[in-house]
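**Q** Handing you a structure now.
The values are calculated or read from the model by the stated rules, or taken from the named source; none is laboratory data. Owing to the predicted nature of the structure, the values given are computational and were not obtained by experimental measurement. When we count neighbours, we look across all protein chains shown, and the Cβ atoms used for this are built from the backbone with ideal geometry, even at glycine. To get the accessible areas, we keep the full protein, side chains included, count just its heavy atoms, and leave off ligands, DNA and RNA. Shrake-Rupley method; radii C 1.70, N 1.55, O 1.52, S 1.80 Å.
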Amino acid sequence: MDHNTDISAPHSMGTTIIGVTYNGGVVLGADSRTSTGVYVANRASDKISQLTDNVYVCRSGSAADSQIVSDYVRYFLHQHTIQLGQPATVKVAANLVRLLSYNNKNFLETGLIVGGWDKYEGGQIYGVPLGGTIVQQPFAIGGSGSSYLYGFFDQAWKEGMTKDEAEDLVKKAVSLAIARDGASGGVVRTVIINSEGVTRNFYPGDQLPLWHEELESHNSLLDILGAPEPMSI
Amino acid sequence: MGSGADSERTLYPYVTGSSVVAIKYKDGILMAADMGGSYGSTLRYKSIERLKPIGKHTLLGASGEISDFQEILRFLDELILNDNMWDDGNSLGPKEVHNYLTRVMYNRRNKFNPLWNSLVIGGVKNGQKYLGMVNMIGINFNDNHVATGLGNHLARPILRDEWNENLTFEEGVKLLEKCMRVLLYRDRSAVNKIQLK
């Protein structure tokens, strides 16, 4: 009765993006690698874009598509804020993103995570994956690197974390994904949004925890070499 | 046929819901669906509500692309709102909602731009029970028990065997739970959290 057409497997998107709610706001996190095929076009990109003072979006998928969608949403939200006379709510921002994604679903390839804080509902995270579905969640993960994080979050996520616990979780998760996903890499950027405002943080490789088979980084091999050992014949 | 008309070609679904199963029982309708949204082979979302009330008399359950289901809910919102504006004491029942959705689905199919869903519409109006189904190509019918997707193959045989006119609420719930259990065993895109209305 129903169509058993082959549901084509979703396009893998070269990124890891995460959004997490905590007790008082949200933490958004992302890696910084933009790749064209195998080449890394930008190793320090900023995938967390601002939509309004209190709402940010994590972008994944096609860089062009995600940028144009967030530009349009920023434009519409700006007008909306002027007409409304107060900051836009996160729900409105997420629904604008959804409208663009859904109505252009044949042309766009971008998965977005919208996160922010407003005075009515507090911190909220909305996932808008390929196709334009909108799903409000306590935490959301996206991008190719997210495949490696489903199990991690199933175990490590809990309700009512503090701001620092949440940011630690996001940092840990992005760095785990970077360790295993070739399309994710670079540095970890986080954005914390709550009633007090917005804080941007930046964590280069040496400030992240080490995982299996990873070695501590040094500037040069020479720093760790002691006196060279005599050759044995 | 599809040359140059790329924007109107058939889409493929991204985030999908699995089966919906529904039965008529003595006092009305029972409908069940799990709360999963699959993304290809990944069980990505586990708290999606696929059963929604429409107006005062109807329940709508959907399987297939969730973004299209969310759009259908918005169409129906407008429909119900306009109906309420008449303020004439009449309200749209399940038969009317089913008919409206059939037209929408069939017309979209004709334009090669389907809403990728199979919908179950059930409800009671003026004591009359109604249970119907419409899918993405516009096939529609009504029956005593319906299911979408794999539910057609796994649940309906059970229902054909064990359904009768006079199921009580408890018997109905047990029957649906039995169907959902089989679906959990045998449908790889099922999750173990269900909605039953």
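**Q** For A:His78 and A:Glu216 in one chain, what is 0.36 nm times their gap in residues minus the Cα-Cα distance, to one decimal in nm?
**A** Numbers: separation 138, 0.36 × 138 = 49.68 nm, distance 4.54 nm.
Roughly 45.1 nm would be gained on extension.
**Q** If you average over every viewing direction, what projected area does the convex hull of the Cα atoms of segment A:101-141 give, in nm²? Walk me through the intermediate numbers first.
**A** Numbers: hull surface 12.3 nm².
Reported value for the Cα convex hull: 3.1 nm².
**Q** Still on this structure, I have one more. For segment A:108-176, what does the alpha-carbon gyration tensor say about shape, rounded, prolate or oblate, given a ≥ b ≥ c as the root eigenvalues, a/c under 1.5 as rounded, and a/b over b/c as prolate?
**A** Values: a/c = 2.06, a/b = 1.07, b/c = 1.92.
Oblate, since a/c reaches 1.5 and b/c is not below a/b.
**Q** Still on this structure, I have one more. Are there any chymotrypsin sites (Phe, Trp or Tyr not before Pro) in segment A:60-159 that are in a DSSP loop and have at most 12 other Cβ atoms within 10 Å? List them by number. Before the final figure, lay out each step's value.
**A** Working: sites: A:Tyr72, A:Tyr75, A:Phe76, A:Tyr102, A:Phe107, A:Trp117, A:Tyr120, A:Tyr126, A:Phe139, A:Tyr148, A:Tyr150, A:Phe152, A:Phe153, A:Trp157; in loops: A:Phe107, A:Tyr120, A:Trp157.
Qualifying residues, ordered by number: A:Phe107, A:Tyr120.
**Q** Taking 56 Å as R0, compute the FRET efficiency from the Cβ-Cβ separation of B:Asn113 and A:Gln207 and round it to 0.05. Don't skip to the end; give the middle numbers.
**A** Numbers: r = 49 Å, r/R0 = 0.88.
Between B:Asn113 and A:Gln207 the formula returns 0.70.
**Q** How far is it, in nm, from the label point at A:Val38 to the one at A:Ser195 when both lie 7 Å from their Cα along the line to the Cβ?
**A** 5.3
**Q** Could you tell me what % of all Cα pairs in chain B have separations over 23 Å?
**A** Working: 8330 of 19306 pairs.
Pairs farther apart than 23 Å: 43 percent.
**Q** A further question follows. What average count of beta carbons from other chains do you get within 10 Å of the Cβ of residues in A:122-134? Walk me through the intermediate numbers first.
**A** Numbers: counts 0, 0, 0, 0, 0, 3, 1, 8, 6, 12, 8, 15, 3.
Across A:122-134, the average partner-chain Cβ count within 10 Å equals 4.
**Q** Something else: I'd like the distance between the alpha-carbon centres of segment B:83-162 and segment A:63-118, rounded to an integer number of Å.
**A** Each part reduced to its Cα centre gives a spacing of 33 Å.
**Q** Give me the percent of the accessible area of the protein assembly as shown that comes from carbon and sulfur atoms, probe 1.4 Å, all protein chains in place.
**A** Solvent-exposed carbon and sulfur of the protein assembly as shown make up 50 percent of the total.
**Q** Looking at segment A:153-233, which trypsin sites (Lys or Arg not before Pro) are in a loop (DSSP not H, G, I, E or B) and have at most 11 other Cβ atoms within 10 Å?
**A** Numbers: sites: A:Lys158, A:Lys163, A:Lys171, A:Lys172, A:Arg180, A:Arg189, A:Arg200; in loops: A:Lys158.
Here the sparse-neighbourhood loop sites are A:Lys158.
**Q** Please work out the Cα convex hull volume for segment A:25-89 and give it in Å³ per residue.
**A** So the per-residue hull volume is 83 Å³.
**Q** Shifting gears a bit: Given the C-alpha atoms of segment A:186-233, compute the convex hull and give its volume per residue in Å³. Show your work: numbers first, answer last.
**A** On the way: hull volume 5.9 nm³, N = 48.
Considering the Cα atoms of segment A:186-233, their hull volume per residue is 122 Å³.
**Q** So, R0 is 60 Å and r is the distance between the beta-carbons of B:Asn90 and A:Phe152; what FRET efficiency does that work out to, to 0.05? Don't jump to the answer; show the numbers that get you there.
**A** Working: r = 54 Å, r/R0 = 0.89.
Between B:Asn90 and A:Phe152 the formula returns 0.65.
**Q** Hey, another quick one. Which FRET efficiency value, to the nearest 0.05, is calculated for A:Asp71 and B:Arg186 with the Förster distance at 45 angstrom and r the Cβ-Cβ distance?
**A** On the way: r = 46 Å, r/R0 = 1.03.
The calculated FRET efficiency here is 0.45.
**Q** Now for a separate question. How big is the convex hull of the Cα atoms of segment A:130-233, per residue, in Å³? Kindly include the intermediate steps, with their values, before the conclusion.
**A** Details: hull volume 18.4 nm³, N = 104.
Spelled out: Cα convex hull of segment A:130-233, divided by residues, is 177 Å³.
**Q** Still on this structure, please answer the following. At 0.36 nm per residue, and after removing the present C-alpha to C-alpha distance, how many nm does the segment from B:Leu81 to B:Asp161 gain when stretched out fully? Walk me through the numbers on the way to the answer.
**A** Values: separation 80, 0.36 × 80 = 28.80 nm, distance 4.04 nm.
Length gained, B:Leu81 through B:Asp161: 24.8 nm.
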